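Here the structure comes first, spelled out in structure tokens, and everything after it is commentary.
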Amino acid sequence: MEPIKILIFVGVFVLLLLIGRILSAASEVHAQELPHDGAPVMPVPAVGEAAAMAPAGEVLTGAEVGFPFSLPPVTEDNKGKFNRPYYTNYYFARTDLVRGPSDPRSFYDEFFLVAQDPASEHMWETKYIVATPSGLQQLMSKEQFVSIYLDDPVIVVSEWNLAVILRTVVDEDLKRFGSAGEDEQLSSTTFENKIG
């Protein structure tokens, strides 16, 4: 009688183990399957993976790289106003987001941020000039400019740092969007903050 009880116990144990594994596998959630706020999901490959994704000479965009920091979730207040737009892409005109410029302390490039209004689904692209002081000087010397006037907003950084550049651009975009509260705005290290 004892061996039968042991066999039944082992059989029930194995059955419960199999049921547990099946339920565990069914409840597994992968990042790409998580519910999101309606914005297109931007995959975030590892830096080595992202660099390997682009053939030589091809420039990666934010849609392939993702954001190097967390954004506050898109929320709607009781008046139907959203705190921020969806950011669907960002990219430089010539600089790869992963590899960066050949000289991190001396570069000049156009940066584009693509956004979408959550309410109207209207999309727009904002252009910025991102440069280091020596990159601006190099541009002026190369083009033999005595002075330079830039129509687009300019972000001057001491050296290439994608997280700092993107955080500064998003901060400025949130100010323009006009509905981000003070606690929801992302902090950035800007020249103005250093002075004040």
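Just grab the label-to-label distance for Phe9 and Leu139, each label 7 Å out from Cα along the Cβ direction, in nm (one decimal).
That separation, rounded to one decimal, is 7.8 nm.
Would you mind checking which residues have amide H under 5 Å from Val98's amide H? H placed 1.01 Å from N; only 5 or more apart, or other chain.
HN-HN under 5 Å from Val98: Leu60.
Run through segment 57-89 and list the chymotrypsin sites (Phe, Trp or Tyr not before Pro) located in a DSSP loop whose Cβ has at most 13 other Cβ atoms within 10 Å. Numbers along the way, then the final one.
Details: sites: Phe69, Phe82, Tyr86, Tyr87; in loops: Phe69.
Loop-located and lightly packed - Phe69.
What's the local net charge at Phe107, with K and R +1, D and E -1, over the other residues with C-beta under 13 Å away? Mind showing how you got there, number by number?
Numbers: positive: Arg94, Arg99, Arg105, Lys142; negative: Asp96, Asp103, Asp109, Glu110, Glu159.
That sum, taken over residues with Cβ under 13 Å, equals -1.
Do any GluC sites (Glu not before Pro) in segment 71-161 lie in a loop, going by DSSP, with at most 16 other beta-carbon atoms within 10 Å of their beta carbon, and if so which?
Values: sites: Glu76, Glu110, Glu121, Glu125, Glu143, Glu159; in loops: Glu121, Glu159.
Qualifying residues, ordered by number: Glu121, Glu159.
Based on the Cβ-Cβ distance of Ala93 and Ile19, what FRET efficiency does E = 1/(1 + (r/R0)^6) give at R0 = 41 Å, to the nearest 0.05?
Computed FRET efficiency for Ala93 and Ile19: 0.15.
The numbers here are math on the coordinates, done by the rules we state, and not lab data. The shown structure was predicted, so the numbers you read here are calculated from the model rather than taken from an experiment. Neighbour counts run over all protein chains shown; Cβ positions are idealised from the backbone, glycine included.
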